[in-house]
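One structure is given below, encoded as structure tokens.
Just so it is clear, none of the values below were taken in a lab; they were calculated from the coordinates. Keep in mind that this is a model prediction, so the values were computed, not measured. Positions of Cβ are backbone-derived with ideal geometry, glycine not excepted, and every protein chain shown enters the neighbour counts.
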Amino acid sequence: MSLLTPNPGLIFWMLVVFLLVVFILAKFAWKPIIKGLKDRENEIQGALDLAERTKAEMVKLKSDNEKLVAEANAVRDRILRDAKDASDRMIAESKDRAAVEGQKMIDSARDTIRNEQHAAIAKMRKEVATLSLEIAEQVLHRELKDKESQEKLISDLASSARMN
Amino acid sequence: MYTPLRLFITTALVAATCFFTLPASAQESGHDDQNKVAEGVNKAEHEIEHNLEESEEKFNIGQMIMHHIADSHEWEFSHGVAIPLPVILYSEDRGIEVFSSSNFHNEHHEYNGYHLVHGDSETIEPVDEARKIYDFSITKNVASMMLSAIILVLIFTSIGKAYQRNVGKAPKGFQSAMEIVILFIRDDVVKPNVGPNYEKYLPYLLTLFFFILVNNILGLLPGAANVTGNIAITMTLAVITFIIVHINANKNYYKHLVSPPGVPAPLLLIMIPVEVVGVFMKPFSLMVRLFANMTAGHIILLSLFGLIFIFQSMFIAPVISLFALFLNFIEIMVAFIQAFIFTLLSSMYIGSAIEEHGHADHGH
């Protein structure tokens, strides 16, 4: 039964030694160890959080970039399309205008030509009439001496008339 | 030539001295001449034979086992090789007395008015029976406990320094080996059982675990003390846990004790005593569990080795040694398990007393 009877001396030493060990370890071992463990865990958690955040930011940035590029592309396309439209329109307009102008010029040229023609014809008619009158006058002025000289005169007059 | 020769002579002399003096030490010393030496050797041999015969007749396995698991005033590694330990006595008339336990090495085991009584365990009794003495000796268990305390302090302060030295770095070597155990105790034993305020109790519970573990393991070494298999040690540990629990216990815990919820009034007559007994049963079970497990392990191992001496056969020894080896492995496991269980139950015990919402376990 002595096995089951606690020895007071042993209890005393046990209390002293164990409490001393608890005190020393709590102060010089567990405190830095637990703090170190906790700091490390916080650090790891912080690093993981940061990585997660950075990843999210990267994704956001990427989608932003994509959006920007898409927008830029759209703007470029629109500008190009507008420019093409404008140039097409301008070309078409100028073509139309040129055609109209050309037509107008052709018309006016035609009018001018017609007018000139009319004028020339009228003038010619007048000239011919005048010439005929002059010839007739000359013929009438000269008395017809002979038949030969009359013919000669007529051919002269005719050749000089052809000069016009 | 000179050095090997000297070595040989020294060895021979040392061996001879050991052989002659050990058995002869119980007798008178002081043989001066050759004849007397020879005579002494003869006498010693007779003595050894006599002792052997006697022990053959008287080998008492129960006594041997009790002697090994009990406390002692000297640290005996094997027969005759023992470190004397200081004896500290307090008595009202003489005050504090300190002397070496080797002083009891005489025929009557008596010194300065004190007897060393060998029973199941050793006690020191005053010759004058009217006197009352208190024995605060550094016994084998105390010395072993101090050794383990020094080991604990050295190991864990160095690990603590390692944490301060490599802040923000991965743990290295022994630090990471211990970190696994510390994390296991913190995350799987203390945190889930004690609850959110676990950090206050963590230093105590960690110390508890490692103190029990180191003492369990040290106790398995040959010639070591059976510290955690001593009821005084386990009782002190259980009482410390008990005190911590009842200092920190909240209102719910005490209310639950005197009026368990949902119990009809007449049953309270039975329930209150049951609850109160439960309060003392918990540390009692802690105390007995550790004590019984460690003592049982030692008894089994010692019984196995005792079998060798009972059978007195060369051929039984290897078989028993193999079996003892196997049991030693189991004992190493038990050393860990018991340290773990003591810590686990202490955590649950503390956790149930400081729990906020009155779901304290009923202690059954």
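Only four residue types carry charge here, +1 at the Cβ of Lys and Arg and -1 at the Cβ of Asp and Glu. Report the dipole size of chain A about the Cα centre in Debye, rounded to the nearest 20. Kindly include the intermediate steps, with their values, before the conclusion.
Numbers: 28 positive and 27 negative charges, 219 e Å.
Roughly 1040 debye for chain A.
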- Query: Put a dot 7 Å past each Cα toward the Cβ at B:Val98 and A:Leu15; how far apart are the dots in nm?
  - Reply: 2.0
- Item | Set of lysines with alpha-carbon distance to A:Lys38 below 29 Å, sequence-local pairs under 8 removed | A:Lys27, A:Lys55, B:Lys161, B:Lys169, B:Lys172, B:Lys191, B:Lys200
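What list do you get for A:Ser63, B:Ser101 if you sort them by fewest beta carbons within 10 Å? Present the calculation step by step, with values, prior to reporting the outcome.
Details: A:Ser63 10, B:Ser101 24.
Neighbour counts put them in this order, fewest first: A:Ser63, B:Ser101.
Please arrange B:Ile233, B:Ile272, A:Ile79 by how many other C-beta atoms lie within 10 Å of their C-beta, fewest to most. Mind dumping the intermediate values first?
Working: B:Ile233 31, B:Ile272 15, A:Ile79 10.
Least crowded to most crowded, the residues run A:Ile79, B:Ile272, B:Ile233.
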- Message: Below 8 Å, C-alpha to C-alpha, sequence gap of six or more: please give me the relative contact order for segment B:86-137 in percent.
- Response: 39
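Fewest first, what order do B:Ile330, B:Ile88 take by the number of other Cβ atoms within 10 Å?
Values: B:Ile330 13, B:Ile88 18.
Final ranking by Cβ density, sparse to dense: B:Ile330, B:Ile88.
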- Query: Put a dot 7 Å past each Cα toward the Cβ at B:Gln312 and B:Val127; how far apart are the dots in nm?
  - Reply: 3.9
- Item | Those GluC sites (Glu not before Pro) in segment B:281-356 that DSSP places in a loop and that have at most 13 other beta carbons within 10 Å | B:Glu356
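Which values, in whole Å and largest first, are the semi-axes of the equivalent ellipsoid of segment B:86-137 obtained as the square root of 5 times each eigenvalue of the Cα gyration tensor? Write out the running numbers ahead of the final one.
Numbers: eigenvalues 53, 30, 23 Å².
After diagonalising the Cα gyration tensor, the semi-axes are 16, 12, 11 Å.
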- Message: Show me, bin by bin at 5 Å from 0, the whole-percent P(r) of chain A based on Cα pairs.
- Response: 2, 5, 5, 5, 4, 4, 4, 4, 4, 4, 3, 3, 3, 3, 3, 3, 3, 3, 3, 2, 2, 2, 2, 2, 2, 2, 2, 2, 2, 2, 2, 1, 1, 1, 1, 1, 1, 1, 0, 0
- Query: Counting other Cβ atoms within 10 Å, which GluC sites (Glu not before Pro) in segment B:99-158 have at most 15 and lie in a DSSP loop?
  - Reply: B:Glu107, B:Glu129
- Query: Is the shape of the protein assembly as shown best called rounded, prolate or oblate, per the rule: a/c under 1.5 gives rounded, else a/b larger than b/c gives prolate, else oblate, with a ≥ b ≥ c the square roots of the Cα gyration tensor eigenvalues?
  - Reply: prolate
- Item | Pair A:Lys55, A:Ile79: separation of 7 Å Cα→Cβ label points (nm) | 3.9
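When only DSSP loop residues count, what trypsin sites (Lys or Arg not before Pro) in segment B:103-182 have their Cβ near at most 15 other Cβ atoms within 10 Å?
Listed in order of number, the matching sites are B:Arg131, B:Lys132, B:Lys169, B:Lys172.
Apply 1/(1 + (r/R0)^6) to the Cβ-Cβ distance of A:Ala158 and A:Arg114, taking R0 = 41 Å, and write down the FRET efficiency to the nearest 0.05. It would help to have the intermediate numbers written out before the result.
Numbers: r = 31 Å, r/R0 = 0.75.
Between A:Ala158 and A:Arg114 the formula returns 0.85.
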- Query: Using just the C-alpha positions of segment B:154-200 as equal point scatterers, what log10 of I(q)/I(0) does the Debye formula give at each q in 0.25, 0.26 1/Å?
  - Reply: -0.91, -0.93
- Which FRET efficiency value, to the nearest 0.05, is calculated for B:Val153 and A:Val69 with the Förster distance at 45 angstrom and r the Cβ-Cβ distance? 0.10
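How high is the FRET efficiency between B:Asn197 and A:Ser2 when r is their beta carbon distance and R₀ equals 41 Å, given to the nearest 0.05?
On the way: r = 41 Å, r/R0 = 1.01.
With a Förster radius of 41 Å, E is 0.50.
Which three numbers, in whole Å and largest first, are the semi-axes of the equivalent ellipsoid of segment B:180-284 derived from its Cα gyration tensor as √(5λ)? Before the final figure, lay out the partial values.
On the way: eigenvalues 218, 75, 20 Å².
Each semi-axis is the square root of five times an eigenvalue, giving 33, 19, 10 Å.
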